[in-house]
Amino acid sequence: MRTFLKLILFLGILFGISGAFILYSSWPLIFGETIALETRPVDPFDILRGQYIVINYKISTIPLLKDAQLGDNVYVLVQENENKIFDYSSASFVRPSQGRFIKGIVRNIANDKINIEYGIEQYFFERNAEFEMSNLTVSVKVSSSGRAKISELLQNGKPIVMKYQKMGLTS
């Protein structure tokens with residue numbers, strides 16, 4: 001009976017930790033605010049990871065912040081424009097107390113610009129799927145802490161339509 005209780009306790013802790021990781025990863029999708037970001041996508045293929053696009057956002061390159069170092073956390077404030085797309089407004093190393101912002105990490109500093117990574121630079125989709133890559137925007141859910149997750153790809157403001165190639169069998 002004692003061994004059985006230890007097993008139940010161990011499994012409870014294991015499931016609790018797993019659940020916490022899942023909840024942490026899903027938090028922006030569940031409770032985040034939706035914003036749309038302008039993109040500059042690239043379409044690579046990786047045998048191990050499958051089909052995906054690498055997304056470079058317009059807000060991935062921002063003006064240089066004084067004393068910026070590689071690996072620094074940066075809070076990028078965004079503001080909605082007349083096209084319902086969120087653009088760069090300002091940035092800070094300190095978390096803003098108000099306004100919409102996305103938390104990123106400084107990945108490159110060159111001249112008077114900083115490249116920021118937000119953790120939403122790759123979007124995976126089903127194998128053999130095709131879609132038009134022009135005029136893409138990304139609908140992103142952003143939590144109150146600034147963590148972001150991609151919720152949907154949009155083309156001309158509407159959800160993308162994926163077409164699938166039929167794969168023939170060869171002998």
Pair list, Cβ < 8 Å and 6+ apart or interchain, from the range 79-90 residues that are farther than 15 Å from residue 140 by Cβ and in a loop (DSSP other than H, G, I, E, B) to residues that are among the charged types (D, E, K, R) and modelled with pLDDT of 90 or more: 81/87
Candidate set from the range 96-127 (those that are over 17 Å from residue 150 (Cβ atoms) and charged (D, E, K, R)); member that is surrounded by the most Cβ atoms within 10 Å (Cβ to Cβ): 107
Scope the range 59-95; condition β-branched (Val, Ile, Thr) and either surrounded by 12 or more Cβ atoms within 10 Å (Cβ to Cβ) or outside the structural domain of residue 116 (by TED's automatic domain parsing) (or both); matching residues: 59, 61, 62, 74, 76, 78, 85
Check on residue 60, modelled with pLDDT of 90 or more, within 15 Å of the chain's Cα centre (by Cα) and farther than 20 Å from residue 29 by Cα: yes
Residue match in the range 81-91 (condition: out of contact with any Phe, Trp or Tyr (no Cβ under 8 Å at 6 or more places or on another chain), over 18 Å from residue 27 (Cα atoms) and of a type in the set (Phe, Trp, Tyr)): yes
Any hit, the range 27-44, residues being among the aromatic types (Phe, Trp, Tyr), at pLDDT below 85 and surrounded by 10 or more Cβ atoms within 10 Å (Cβ to Cβ): yes
Checklist (1) in a loop (DSSP other than H, G, I, E, B); (2) within 20 Å of residue 86 (Cβ to Cβ) applied to residue 161, failing item: (2)
Yes/no for residue 89 being modelled with pLDDT of 90 or more, of a type in the set (S, T, N, Q) and in contact with a strand residue (DSSP E or B) (Cβ under 6 Å, 6 or more places away or on another chain): yes
Residues that are outside any strand (DSSP E or B) and over 13 Å from residue 55 (Cβ atoms), drawn from the range 105-144: 111, 112, 126, 127, 128, 131, 132, 134, 135, 143, 144
The range 127-156, residues that are more than 18 Å from the chain's Cα centre (by Cα) and either closer than 30 Å to residue 98 by Cα or not polar (S, T, N, Q) (or both): 127, 129, 130, 131, 132, 156
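The values are calculated or read from the model by the stated rules, or taken from the named source; none is laboratory data. What you are looking at is a predicted structure, and each value in this text was computed from that prediction instead of being measured. So basically every Cβ, Gly included, is an ideal-geometry build from the backbone, and we count neighbours across all protein chains shown.
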